[in-house]
Amino acid sequence: MFSNRFRSFLFCSALLLSLHCDAYAASDTATLSGTVTDSSGAAIAGADIDLHSIAGSVLSSIRSDAGGYFSFRGIAPGKYLLDASAPGLSLQKPQALTLTGGENPKVSLRLIVSAVKAQVSVTAADAPQSVDQISKQLDVVNVSEAERRGIFAVSDAIRFVPGLRVSTRGGPGAFTTIQTRGLRVTDTAILIDGFPFRDPTSVQNEASAYIGDLLLVDSSRIEVLQGSGSSLYGSNAMSGAVNIITDPGGGPLHGDLDLQGGGLGLFRGVARVASGVLDNKLTYSAGLSRLNVIRGIDDAGAARDWSGQGAVSYALKPNMRLMADIFANAGFLQENVSPAPSPAASLLGIIPAIPLTTFVPSLGDPDAGRYSHFINSLFRFQHEITSRFSYRIAYGMVDTVRDNTDGPGGPGLFQPLFNTSDRYAGRIDTAQARANYLLGSHQTLTAGYEFQQEHYLNTSTDENPDPVQRAFYRTDARQRTNAAFAQDELRLIGNRLNILLSARFTQASLDQPAFIGGGLSPYAGSRLPKPPPAYTGDASIAYFLRRSSTKLRAHAGNSFRLPSLYERFGGFLFQGFDFAYGDPRLSPERAVSIDFGFDQYAFHEHVKISGSYFYSHLQQVIGFLDFPPGYVDPYGRTAGYYNTAGGIARGVELSGEFRPAAGTSVFASYTYTNAQDRTSQYFTGTVSAPLQSPRILSNYATLIAMQQLGAHVDLALDFDAGSDYLYPLYGYAYRFPGPRQLGLSAGYSLHLTERIATRVYARVSNALGQSYFEDGFRTPPRWAVGGIRFSF
């Protein structure tokens with residue numbers, strides 16, 4: 001059915017393309033050119049200049065030449081935001097331009113030292129907005145700055161963002177989770193170029209199985225939205241969204257080659273190239289990365305990883321553009337035995353986590369591993385029919401495969417009797433059509449439709465020597481969603497007052513699942529209920545006080561997460577027995593949240609101080625329960641998933657950034673979080689008071705400092721520290737010490753020729769040598785890497 005829909009989708013796209021492929025004469029387009037200089041008037045070579053179409057959300061990018069000159073040719077008439085940046089410098093404010101056919105304006109862009117990392121962002125409204133228009137809490141991570149500190153993973157790059165809790169169960173490539181504002185792992189949506197990245201075969205249909213594999217390959221920046229985002233991005237965006245934005249390319253040919261190695265038996269290499277040709281009508285970027293961790297922690301936790309990422313964009317006409325993005329990965333991770341309570345420990349109350357005394361840490365498992373790959377691809381067609389009206393048609397595909405293998409070797413009580421394989425193959429197809437209309441100069445209306453299909457395929461086998469008893473179980477399930485969404489963006493009082501209203505309606509439908517093995521499935525042949533719909537709405541407002549350079553903002557909305565296919569039809573295979581856990585009748589999870597705060601700019605934007613208060617209430621969640629004796633379940637389950645009330649989280653986020661000079665920057669943040677589940681995940685036996693939700697740090701502080709010394713030497717440090725946290729081991733409440741992690745890095749840069757530069761660098765992680773455990777899993781002790789980078 002989906003293939004027929006997709007053929008129709010392509011046919012309609014081709015029809016629209018043929019209807020609107022009108023010829024553009026030179027007099028119908030504009031040429032925008034200019035120069036980029038610093039505060040002293042010196043030309044800046046290699047500055048990134050971005051031209052954002054307000055009506056169509058199209059981004060054109062280019063780099064300035066050796067004399068600071070740039071030129072955009074063949075630009076369709078319309079309204080645009082022009083932004084520019086260079087290392088340590090940015091435009092004081094994006095320029096709002098109205099271009100008409102035959103016009104050839106010239107602009108002078110003067111970059112200054114600013115604490116604002118990006119003057120134009122796209123995640124808060126799923127459309128370009130200048131920094132003074134954004135009415136939600138949004139943080140931007142500059143990928144080049146993170147890489148300069150020796151960081152190469154997305155999770156480590158965003159670890160220092162206020163409100164986020166990033167947990168990695170081991171070394172590079174290990175299982176990683178992201179939590180936002182005290183809510184659960186499932187409540188943070190992962191986006192790649194604005195489209196959802198999820199694993200439909202995971203227990204709760206989220207991305208955690210692959211977050212450790214998301215490396216900095218060809219990304220330009222990462223935007224982190226805090227607060228409800230389901231009206232924009234659908235399921236899972238209940239507490240926020242992390243948007244990984246691919247480098248659009250453009251400008252003169254440029255690229256780099258980075259090689260590094262060191263502790264844990266680590267080697268990593270990454271190569272990138274980007275350019276624009278045909279007067280920048282065709283732009284592209286591409287990156288390829290190889291990560292190999294031979295030893296890991298205590299000679300356990302080896303990882304191998306290949307990643308590729310890229311983007312290509314072609315302007316068919318000045319008002320038409322085709323775009324394609326891809327992010328792919330293939331890897332292996334040696335998995336460890338999960339930590340467990342110590343047999344000699346008292347399991348009452350809150351248990352202090354003392355390795356080998358009160359709990360047994362994770363141990364290496366010689367025959368357990370995870371083989372995986374994913375392909376995330378996105379294809380878009382953008383057409384600006386007039387300077388006010390545009391539409392976009394997009395198709396996104398996420399293809400995931402995981403094979404979790406295990407055998408009888410290794411420590412622990414729960415090793416299988418024979419070699420086993422749990423292979424999960426999932427796919428999410430998303431087709432989206434949306435239209436934008438500028439209603440006057442101060443209002444933008446957006447409306448659209450989205451169709452999505454999720455496919456879940458699980459095959460579980462073992463190598464029982466008796467063919468008669470050999471296990472083979474297979475589950476094949478699908479669910480589809482149809483969604484309609486709308487948004488209204490208002491810019492009033494000279495663009496100082498900005499209001500953003502959005503809404504979404506989502507209706508899911510289920511296909512009859514297919515089962516092989518394990519006898520008759522309790523779901524086979526049963527009449528599937530129609531899942532209830534999800535309604536979401538979102539409102540945010542910001543007012544900018546220009547005299548004091550203060551922005552006041554507030555944001556409120558509700559959000560949802562659709563039940564996963566595993567929660568509807570899943571189960572568990574252990575030693576030849578298949579236990580059913582799913583419930584097709586489940587309703588979506590629902591949450592409501594509010595936040596309000598301020599952004600204060602001072603000393604000509606050399607300083608930025610932000611503060612937010614947030615409150616989130618999980619109105620309905622999906623929990624797991626061992627059913628009481630006498631309970632009669634329609635699917636014959638003795639335990640499984642059910643709808644129940646959720647918890648609450650509230651707290652405060654504070655952050656400040658200081659950039660006194662182009663080569664100096666200091667960023668600091670503090671987050672206080674009070675998060676409690678209504679249904680406790682702990683068994684304490686004695687404690688009756690509500691306890692902090694698992695893994696949440698009540699107090700968390702971060703610090704990043706970077707300093708350029710002259711033309712060649714750069715130094716940096718990053719530090720994060722948090723209070724103790726609780727985590728359930730087999731349901732018992734363990735209190736683990738919080739992180740005290742210090743990273744130090746240094747580099748030396750040198751120009752080999754006019755076009756080629758090199759940088760030698762080193763990084764020491766966990767410089768304080770903390771023996772730190774995440775959820776009972778060992779993390780790396782003090783370790784270091786060194787590398788060399790060539791760029792042109």
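The values are calculated or read from the model by the stated rules, or taken from the named source; none is laboratory data. Since the model is a prediction, treat every value here as computed from it, not as a measurement. Glycine also receives a Cβ, built like all others from the backbone with ideal geometry; neighbour counts cover every protein chain displayed. Calculation scope for accessible area: heavy atoms of the full protein, side chains included, ligands and nucleic acids excluded. Shrake-Rupley method; radii C 1.70, N 1.55, O 1.52, S 1.80 Å.
Listing for the model above:
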{"item": "Count - residues of segment 700-717 that are farther than 21 Å from Asp775 by Cα and part of a strand (DSSP E or B)", "result": "12"}
{"item": "Verdict on Ala127 being surrounded by 22 or more Cβ atoms within 10 Å (Cβ to Cβ), on the phi < 0 side of the Ramachandran plot and outside any strand (DSSP E or B)", "result": "yes"}
{"item": "Number of positions in segment 228-270 that are out of contact with any Leu (no Cβ under 9 Å at 6 or more places or on another chain), among the small types (Gly, Ala, Ser), under 29 Å from Ala784 (Cα atoms) and open to solvent by less than 20 Å² (accessible area, probe 1.4 Å)", "result": "3"}
{"item": "Cβ pairs under 7 Å, 6+ apart, first in segment 456-476 and on the phi < 0 side of the Ramachandran plot and without any contact (Cβ under 8 Å) to a residue 40 or more places away in the chain, second charged (D, E, K, R) and loosely packed, with under 15 Cβ neighbours inside 10 Å", "result": "none"}
{"item": "Filter pass, Thr176 being surrounded by 24 or more Cβ atoms within 10 Å (Cβ to Cβ), more than 21 Å from Asp305 (Cα to Cα) and polar (S, T, N, Q)", "result": "no"}
{"item": "Enumeration of residues in segment 619-654 that are within 30 Å of Asp720 (Cβ to Cβ) and either open to solvent by 20 Å² or more (accessible area, probe 1.4 Å) or hydrophobic (A, V, I, L, M, F, W, C) (or both)", "result": "Val621, Ile648, Ala649, Arg650, Val652, Leu654"}
{"item": "Condition check for Leu552: open to solvent by 50 Å² or more (accessible area, probe 1.4 Å) and of a type in the set (A, V, I, L, M)", "result": "yes"}
{"item": "Identity of the residue in segment 45-80, farther than 23 Å from Ala127 by Cβ and among the basic types (Lys, Arg), that ends up surrounded by the most Cβ atoms within 10 Å (Cβ to Cβ)", "result": "Arg63"}
{"item": "Single residue of segment 578-618 satisfying the filter (open to solvent by 20 Å² or more (accessible area, probe 1.4 Å) and not in a strand (DSSP E or B)) that is nearest to Gly646 (Cα to Cα)", "result": "Ser587"}
{"item": "Output for segment 487-508, where each listed residue is open to solvent by 50 Å² or more (accessible area, probe 1.4 Å) and in a strand (DSSP E or B)", "result": "Leu492, Leu501, Phe505"}
{"item": "Which listed residue is on the phi < 0 side of the Ramachandran plot and acidic (Asp, Glu), from Asp247, Asp299", "result": "Asp247"}
{"item": "Matching residues, segment 121-177, being within 30 Å of Asn404 (Cβ to Cβ) and basic (Lys, Arg)", "result": "Arg159, Arg165, Arg169"}
{"item": "In segment 465-486, residue most open to solvent (accessible area, probe 1.4 Å) [restricted to those that are among the β-branched types (Val, Ile, Thr) and over 23 Å from the mean Cα position of the chain (by Cα)]", "result": "Val468"}
{"item": "Options Ala324, Ala315, Ala330, Ala353; residue that is within 30 Å of Ala433 (Cα to Cα) and modelled with pLDDT of 95 or more", "result": "Ala324"}
{"item": "Segment 670-699: number of residues that are among the polar types (S, T, N, Q), surrounded by 16 or more Cβ atoms within 10 Å (Cβ to Cβ) and in a loop (DSSP other than H, G, I, E, B)", "result": "5"}
{"item": "Selection count, segment 386-408, where residues are over 20 Å from Asp126 (Cα atoms) and open to solvent by 50 Å² or more (accessible area, probe 1.4 Å)", "result": "2"}
{"item": "Segment 513-533, residues that are at pLDDT 90 or above and surrounded by fewer than 20 Cβ atoms within 10 Å (Cβ to Cβ)", "result": "Lys530, Pro532, Pro533"}
{"item": "Any chance Asp83 is under 25 Å from the mean Cα position of the chain (by Cα), open to solvent by less than 30 Å² (accessible area, probe 1.4 Å) and among the charged types (D, E, K, R)", "result": "yes"}
{"item": "Subset of segment 455-475 (residues that are assigned to a strand (DSSP E or B) and either under 11 Å from Leu417 (Cβ atoms) or among the acidic types (Asp, Glu) (or both))", "result": "Asp462"}
{"item": "Check on Phe667, at pLDDT 95 or above, assigned to a strand (DSSP E or B), within 26 Å of the chain's Cα centre (by Cα) and over 26 Å from Ile354 (Cα atoms)", "result": "yes"}
{"item": "For Ser220: the one exception among (1) surrounded by 24 or more Cβ atoms within 10 Å (Cβ to Cβ); (2) part of a strand (DSSP E or B); (3) touching a helix residue (DSSP H, G or I) at 6+ places or on another chain (Cβ under 7 Å); (4) polar (S, T, N, Q)", "result": "(1)"}
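Every residue, every condition in (1) of a type in the set (Asp, Glu); (2) assigned to a loop (DSSP other than H, G, I, E, B), yes or no:
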residue: Gly34; (1), (2): no, no
residue: Ser39; (1), (2): no, yes
residue: Ser60; (1), (2): no, no
residue: Ala66; (1), (2): no, yes
residue: Asp83; (1), (2): yes, no
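This table checks each residue for (1) under 27 Å from the mean Cα position of the chain (by Cα); (2) of a type in the set (A, V, I, L, M, F, W, C); (3) surrounded by 20 or more Cβ atoms within 10 Å (Cβ to Cβ).
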{"position": "Arg272", "(1), (2), (3)": "yes, no, yes"}
{"position": "Lys281", "(1), (2), (3)": "no, no, no"}
{"position": "Ala286", "(1), (2), (3)": "yes, yes, yes"}
{"position": "Leu291", "(1), (2), (3)": "yes, yes, yes"}
{"position": "Arg304", "(1), (2), (3)": "yes, no, no"}
{"position": "Ser307", "(1), (2), (3)": "yes, no, yes"}
{"position": "Val312", "(1), (2), (3)": "yes, yes, no"}
{"position": "Leu316", "(1), (2), (3)": "no, yes, no"}
